[in-house]
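J.: Before I ask anything, let me first share the structure, which is written out below as structure tokens.
The values are calculated or read from the model by the stated rules, or taken from the named source; none is laboratory data. As the structure is a prediction and not an experimental result, all values here were calculated from the model. As a convention, Cβ positions derive from the backbone with ideal geometry for all residues, glycine included, and neighbour counts pool all protein chains shown. Just the protein is used for accessible areas: all its heavy atoms, side chains included, with ligands, DNA and RNA removed. Shrake-Rupley method; radii C 1.70, N 1.55, O 1.52, S 1.80 Å.
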Amino acid sequence: MLFRARWGTFLTFALAGLLTGVWVARMPALAGKFGTSEGEVGIVVLIWGLGAIIAMQALRGVMARAGSRGVLRVALPLTALSYVGVALAPTYGLLLASVAVFGMTFGITDIAMNAQGSVVEQAYRRPVLSGMHAGWCVGAMGGGLFGAATAAAGLGFTATVLTAALLALPLGLLLGRTYLPDPAAPAGTATGRAARRLPAAVYLIGVLAFIAFMTEGSIADWSGLLLHDELGATQAVAALGYPMFELAMLIGRLAGDRVRMRIGTRRLLTGAGIGTALGMTVVVLAPAAPFAIAGFFLTGLVVCTIVPTTISLAGTAAPGRPAAAVAQVGAMGYGGLLLGPVVVGFLADATSLRLGVGVVVLLALVIAAGARFAPLRGRADVAAHGSDAVVAASEAVVPGTGTDARVPDEPREPVAA
């Protein structure tokens, strides 16, 4: 049951990543289909992001009542259906309307799959969310390859996106059978207006997620231009920056859960912030493109653990309302994803692209400093001496089992052998 739920959630992340990867890879084909300018394509992307944020905030209460399983079973197939609308939109105006709906359904799917990942992680009594986010990387890379293959085969935007949507719809329906029910709210949980208020800790975690998403979004949108315009790389070499970053993200996320268990949540966030700052310093000071690409790879290895960790923290920060807490943190994170590239663009116009991208160094240092204040509750920190020690020390009831297990709120120092 747990194994099936873990793989089902992993594949949900992969499917969402694939849809995004196809969408990004065929953006030039979208521009060609409608004859749009770069600014008009930017509006399309903005509408998609705003739709996601609005849906995340508006449906936070629904998430709290229906739980991640109920919402995800509906939202994932709806995301595939809305993708059909994007593929078949005949005019630019209808494209914007379709993209807004796609953004809303995708945003709901995003918060629901993260909340479901938190449920699975609580059932496992050890970190698994970073590995699930690795599924996103796998899907995004697969979607990019699918987009490249369809472009090479001469398929246009409509045929490519429609094919991806029709493949995703039955998969989304099948995956709905793998999800776990959300744990019941503990006795004594507040009701009414008090229940709708989330603890301040959730918003602090959201700030960390906001900064982490700003960092990732800035690298995704500006890495190619930095390599090409500032370092004189060819378009082919400049195109390697983001794939190398994503590859490193995948590697880092596959190892992230084990690293978190070994060193603890707070140390992981601090180290990831410092490592991200060092990696981006290499990028900003790089004398040639190969050094900058190496810096992007180093950055991807460490920054990749921050977002899954903030989602994990959100799942424990509001007892009885994990889905709503994850929804709030996810919405704040998406705000950073939209704002980050814009901030870098303004700074680049005012100074240079190197200095614009250099803001990521400062953002990463803020994460490292903010890790000191990260709220840790129950299983939120898991620095231990192996999975057996974690299970033996945990303190929450595993959904559906009634098993008692304890984990300290603060990391313990390793015991000398």
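J.: Can you find even one residue in the range 336-359 that is within 17 Å of Ala200 (Cβ to Cβ), touching a Ser or Thr at 6+ places or on another chain (Cβ under 7 Å), touching a residue at least 60 places away in the same chain (Cβ under 8 Å) and surrounded by 23 or more Cβ atoms within 10 Å (Cβ to Cβ)?
T.: Within the range 336-359, not a single residue is within 17 Å of Ala200 (Cβ to Cβ), touching a Ser or Thr at 6+ places or on another chain (Cβ under 7 Å), touching a residue at least 60 places away in the same chain (Cβ under 8 Å) and surrounded by 23 or more Cβ atoms within 10 Å (Cβ to Cβ).
J.: Could I ask something else about it? Select, from Gly271, Gly206, the only residue that is part of a helix (DSSP H, G or I) and in contact with a helix residue (DSSP H, G or I) (Cβ under 6 Å, 6 or more places away or on another chain).
T.: Matching residue, one of Gly271, Gly206: Gly206.
J.: Next up: Whether any residue in the range 191-198 is free of Cβ contacts under 8 Å to residues at least 24 places away in the same chain, of a type in the set (Gly, Ala, Ser) and out of contact with any Cys (no Cβ under 8 Å at 6 or more places or on another chain) is what I want to check.
T.: yes
J.: Next question, about the same structure. Does Thr163 qualify as being touching a Ser or Thr at 6+ places or on another chain (Cβ under 8 Å) and at pLDDT 90 or above?
T.: Criteria met by Thr163.
J.: Oh, and also: Out of the residues in the range 204-236 that are open to solvent by 50 Å² or more (accessible area, probe 1.4 Å) and under 17 Å from the mean Cα position of the chain (by Cα), which is modelled with the lowest pLDDT?
T.: Filtering the range 204-236 for residues that are open to solvent by 50 Å² or more (accessible area, probe 1.4 Å) and under 17 Å from the mean Cα position of the chain (by Cα), the one modelled with the lowest pLDDT comes out as Asp221.
J.: Would a scan of the range 158-167 turn up a residue that is of a type in the set (Ser, Thr, Tyr), in a loop (DSSP other than H, G, I, E, B) and open to solvent by less than 40 Å² (accessible area, probe 1.4 Å)?
T.: No - not one qualifying residue is present in the range 158-167.
J.: Residues Ala153, Ala149, Ala140: which one is closer than 15 Å to Glu246 by Cα and open to solvent by 10 Å² or more (accessible area, probe 1.4 Å)?
T.: Ala140
J.: Which condition number in (1) touching a residue at least 12 places away in the same chain (Cβ under 8 Å); (2) among the aliphatic types (A, V, I, L, M); (3) touching a helix residue (DSSP H, G or I) at 6+ places or on another chain (Cβ under 9 Å) is the one that Ala288 fails?
T.: (3)
J.: Let me ask something else. Taking the residues in the range 237-273 that are over 18 Å from Pro308 (Cβ atoms) and under 20 Å from the mean Cα position of the chain (by Cα) as candidates, determine which candidate is least open to solvent (accessible area, probe 1.4 Å).
T.: Residue satisfying both the conditions and the ranking: Gly241.
J.: Testing Ala80 on (1) open to solvent by 40 Å² or more (accessible area, probe 1.4 Å); (2) touching a helix residue (DSSP H, G or I) at 6+ places or on another chain (Cβ under 7 Å), one condition comes back false. Which one is that?
T.: The single condition Ala80 does not satisfy is (1).
J.: Got at least one residue in the range 321-335 being of a type in the set (S, T, N, Q) and either surrounded by fewer than 24 Cβ atoms within 10 Å (Cβ to Cβ) or closer than 19 Å to Ile53 by Cβ (or both)?
T.: Checking the range 321-335: at least one residue is of a type in the set (S, T, N, Q) and either surrounded by fewer than 24 Cβ atoms within 10 Å (Cβ to Cβ) or closer than 19 Å to Ile53 by Cβ (or both).
J.: Here is a check on your reading of the model: is Val101 within 30 Å of Gly315 (Cα to Cα), at pLDDT below 85 and either buried (at least 19 other Cβ atoms within 10 Å of the Cβ) or among the β-branched types (Val, Ile, Thr) (or both)?
T.: no
J.: In the range 3-33, what count of residues is obtained for those that are over 16 Å from the mean Cα position of the chain (by Cα), modelled with pLDDT of 85 or more and open to solvent by 40 Å² or more (accessible area, probe 1.4 Å)?
T.: 6
J.: Please give the number of the condition Gly51 fails out of (1) at pLDDT 85 or above; (2) surrounded by fewer than 17 Cβ atoms within 10 Å (Cβ to Cβ).
T.: (2)
J.: One residue is enough: does the range 84-95 have a residue meeting the conditions within 20 Å of the chain's Cα centre (by Cα) and more than 15 Å from Asn114 (Cβ to Cβ)?
T.: no
J.: Does the range 200-224 hold any residues that are closer than 15 Å to Val283 by Cα and of a type in the set (A, V, I, L, M), and which are they?
T.: If the condition is that a residue be closer than 15 Å to Val283 by Cα and of a type in the set (A, V, I, L, M), then Ile219, Ala220 are the ones that fit.
J.: Further question: Kindly evaluate Leu376 against the criterion of being of a type outside the set (Lys, Arg), open to solvent by 10 Å² or more (accessible area, probe 1.4 Å) and either under 22 Å from the mean Cα position of the chain (by Cα) or at pLDDT 85 or above (or both).
T.: The answer is yes for Leu376.
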